[in-house]
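Each reported figure results from applying straightforward, stated rules to the coordinates on display, with no laboratory input. All figures in this text were calculated on a predicted structure; none of them were measured in a lab. All Cβ positions, even for glycine, are placed from backbone atoms using ideal geometry, and neighbour counts span all protein chains on display.
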Amino acid sequence: MPAAAISPPRPFEGKALSRGQSMLLLCRDVVSGYGPDPVVRGVDFAARPGQVTALIGPNGCGKSTLLRTLARVIAPRAGRVLLNGQDIGSLSTRAVARQVALLPQGPVAPEGLTVRELVAQGRFPHQTLLRQWSAQDSDAVARALEQTDLADLADRPVDSLSGGQRQRAWIAMVLAQETGILLLDEPTTFLDLKVQVDILSLLARIARDEGRSIVVVLHEINMAAAFADNIAMMAAGRILAEGPPGAVVTRANLARVFDLEAEVLSAPGGYPVCIPARSGMAGHSLRAAAE
């Protein structure tokens with residue numbers, strides 16, 4: 001999948017959006033979690049139309065919890081999540097699913113399901129008793145298969161695909177949902193480098209060409225810096241730094257958030273590249289220097 005030229009964002013024109021308007025998903029002072037202690041603590045965040053925003057940070061810092069809270073899977077204990085100005089908790093599950101698509105970590109398809117059947121599941125939020133499968137649904141599935149280069153594999157069982165092909169099938173499913181906002185939790189984990197590049201290139205192209213808001217949880221700092229327009233760096237349930245990659249991926253932030261000693265260089269494309277020091281941890285190297 002070749003990289004596309006960057007063009008100015010424009011509103012997503014999919015059927016899920018009325019009157020061609022861009023979607024806006026944001027949270028204000030959100031606190032959320034699973035047990036007695038909150039995982040996300042007082043976070044302000046906005047999914048930006050026409051951009052890919054990467055959530056990065058150490059394991060357990062609250063990235064996935066924030067994503068699930070934005071998707072209305074977890075109700076915030078405090079603060080508000082707003083979708084186009086409305087409290088997302090006041091909306092029905094179907095109404096949210098027509099506007100926000102979530103791809104969780106490690107999804108599993110039922111055995112024997114074909115790629116086309118999996119992608120077609122993205123159309124379920126648009127089905128009602130009065131509106132069954134239509135030509136519009138078929139067009140959405142065909143378009144998603146084409147975008148993800150899976151048209152030739154549409155009749156293959158999902159469980160017969162490679163890891164990269166299977167992940168593209170799941171991404172095709174959320175694309176077929178035709179929402180203005182896509183939330184993806186670690187979509188490139190355990191994939192080969194080339195497959196990671198292909199998937200993130202695809203997401204960047206969709207955001208820029210169609211004006212969709214894409215929020216993706218990533219572990220690989222350099223991948224986030226190369227493909228995201230905006231990075232939110234989290235630690236201990238809070239966003240400690242947010243902005244363009246060059247403003248967020250710095251030596252100071254890497255030391256503060258990841259306890260990582262690293263050089264930050266500029267790649268030919270202008271984005272930052274993190275080069276870890278052999279000593280590994282910033283705190284260790286600082287202590288050694290002090291001794």
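Principal-axis analysis of the Cα atoms of the chain puts helix 135-147 at an angle of about 40° to the longest axis.
Here is how the number arises for the chain: DSSP H runs of 4 or more residues each give -39500 (n - 2.57), the sum is divided by the residue count, and the result at 222 nm is -9000 deg cm²/dmol. Only Lys, Arg, Asp and Glu carry charge here, each on its Cβ (+1 for the first two, -1 for the last two); on that basis segment 86-133 has a dipole of about 220 debye about its Cα centre. Among the GluC sites (Glu not before Pro) within segment 76-159, those in coil by DSSP and having at most 10 neighbouring Cβ atoms inside 10 Å are Glu111. Between Val73, Val31, Val115, the residue with the greatest mean-square fluctuation in the GNM of the chain (Cα pairs under 10 Å linked by springs) is Val73.
Principal axis analysis of the Cα atoms in the chain yields extents of 73, 42, 39 Å, listed in decreasing size. For the pair Leu265 and Phe124, what calculated FRET efficiency results from E = 1/(1 + (r/R0)^6), where r is the Cβ-Cβ distance and R0 = 41 Å, to the nearest 0.05? Taking R0 as 41 Å, the efficiency between Phe124 and Leu265 is 0.35. Let me make sure I get this right: for segment 20-96, a, b and c are the square roots of the gyration tensor eigenvalues over alpha carbons, sorted descending. Under 1.5 in a/c it's rounded, otherwise prolate if a/b > b/c, else oblate. Which is it? Oblate, since a/c reaches 1.5 and b/c is not below a/b. Give me the net charge for the shell around Gln86: Cβ to Cβ below 15 angstrom, other residues only, Lys and Arg +1, Asp and Glu -1. Result for the local shell: +4.
How charged is the neighbourhood of Pro110? Take every other residue with its Cβ under 10 Å from the Cβ of Pro110, and add Lys/Arg as +1 and Asp/Glu as -1. Intermediate values should be presented prior to the final figure.
Values: positive: none; negative: Glu111, Glu117, Asp159.
With Lys, Arg at +1 and Asp, Glu at -1, the net is -3.
Checking every one of the trypsin sites (Lys or Arg not before Pro) in segment 75-146 against DSSP loop status and a limit of 14 other Cβ atoms within 10 Å picks out Arg77, Arg131. Among Gly50, Gly122, Gly33, the residue with the largest mean-square fluctuation in a Gaussian network model of the chain, with springs joining Cα atoms closer than 10 Å, is Gly33. Of the chain, which part is the longest with no chymotrypsin sites (Phe, Trp or Tyr not before Pro) in a loop (DSSP not H, G, I, E, B) and with at most 15 other C-beta atoms within 10 angstrom? The answer is 191-291. Its Cα centre serving as origin, segment 153-255 has a Cβ charge dipole (Lys and Arg +1, Asp and Glu -1) of approximately 180 debye.
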